[in-house]
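Everything on this sheet refers to the single structure shown next.
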Amino acid sequence: MNIDIITIFPEMFDGPFSESIIKRAVQKNLVNINIHNLRDYTTDKHHKVDDYPFGGGAGMVMMIEPIDRCISHLKSKREYDEVIFLSPDGQLLNQGISNAMSLKNNLIMLCGHYKGIDERIREHLVTMEISIGDYVLSGGELAAAVLTDSIVRLLPGVLGDETSALSDSFQDGLVSPPVYTRPRVYNDWEVPEVLLSGNDKLIREWRIQQATERTRKRRPGLFDQHQQDSLGEQ
Ligand code: 9D3
């Protein structure tokens with residue numbers, strides 16, 4: 001898979017992409033992530049990427065030209081499945097979207113700032129708009145990093161067997177059951193007896209029961225959806 005990210009803050013990706021799972025995936029050539037500095041696609045001497053809004057008002061608007069030039073340059077090298085604009089008013093990211101995106105070959109992620117981007121970019125160049133949640137960020141960069149992480153970990157070969165994406169309970173719409181490690185007793189805080197029983201079947205059932213009960217209590221919306229989905233499976 002190939003992910004191209006367009007941003008005016010390329011350094012924001014140095015940290016998240018040079019650690020842990022994404023780092024390993026890049027080293028193993030399972031994904032190719034390229035960060036493009038939008039200022040490299042300007043033609044004026046001040047490398048201007050934003051301008052005053054028509055009609056007035058506070059804040060600056062990101063201009064069409066540098067973004068169009070950058071996207072055109074990328075499209076001359078590859079055919080893209082989606083041009084994703086990270087936007088607070090986009091479709092709310094969920095596991096289903098990440099699963100679908102992990103099956104694509106080439107993605108562009110466009111990060112916005114300021115008051116927004118010229119609407120004509122969204123009309124003519126963007127194919128998909130994604131938000132990562134109902135809170136206000138300073139720009140699309142952290143959202144693009146979140147989206148990238150959620151996609152890359154799903155690529156075949158990225159996760160080992162024990163951390164396999166398929167064993168993620170979120171993958172079947174439930175939150176995770178509680179986990180414990182040594183010591184068996186700390187102060188007077190004990191590990192649930194069943195986990196020490198060595199009875200695999202009992203442990204499996206306990207974990208499903210815990211995950212189900214936790215989902216019902218903590219994430220009623222997710223629980224209702226899970227109930228609906230398991231009805232459809234039968
Ligand atoms: C001027 C009104 N703002 C709408 C609430 C516009 C605006 C706010 C924040 C435009 C961009 C931003 C910066 N945020 C993102 O670019 C962003 C985002 C977010 O803020 N929350 C959740 N997901 C995302 S994806 C991109």
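No value in this document is a laboratory result; all are computed from the given coordinates. Quick caveat, the model's predicted, so the values are computed rather than measured. Reconstructed Cβ throughout: ideal geometry from the backbone, glycine too, with neighbour counts over all protein chains shown.
With respect to the stated conditions, D44 fails to be exposed (fewer than 14 other Cβ atoms within 10 Å of the Cβ), without any contact (Cβ under 8 Å) to a residue 12 or more places away in the chain and under 15 Å from E141 (Cα atoms). Given Y80, Y114, which one is touching a residue at least 12 places away in the same chain (Cβ under 8 Å), away from the ligand (no atom under 16 Å from the Cβ) and of a type outside the set (G, A, S)? From the options Y80, Y114, the qualifying one is Y80. For region 117-133, the candidate set comprises residues that are touching a residue at least 12 places away in the same chain (Cβ under 8 Å) and surrounded by fewer than 14 Cβ atoms within 10 Å (Cβ to Cβ); within that set, the residue that is nearest to V31 (Cα to Cα) is T127. Taking L147 as the residue in question, decide whether it is surrounded by 18 or more Cβ atoms within 10 Å (Cβ to Cβ) and near the ligand (Cβ under 9 Å from one of its atoms). Considered against the rule, which asks whether it is surrounded by 18 or more Cβ atoms within 10 Å (Cβ to Cβ) and near the ligand (Cβ under 9 Å from one of its atoms), L147 comes out as yes.
G90 satisfies every condition listed in (1) touching an Asp or Glu at 6+ places or on another chain (Cβ under 7 Å); (2) more than 7 Å from the ligand (Cβ to nearest atom); (3) of a type outside the set (D, E) except (2). Candidates in region 47-96 are the residues that are among the charged types (D, E, K, R) and outside any loop (DSSP other than H, G, I, E, B); of these, the one that is surrounded by the fewest Cβ atoms within 10 Å (Cβ to Cβ) is D89.
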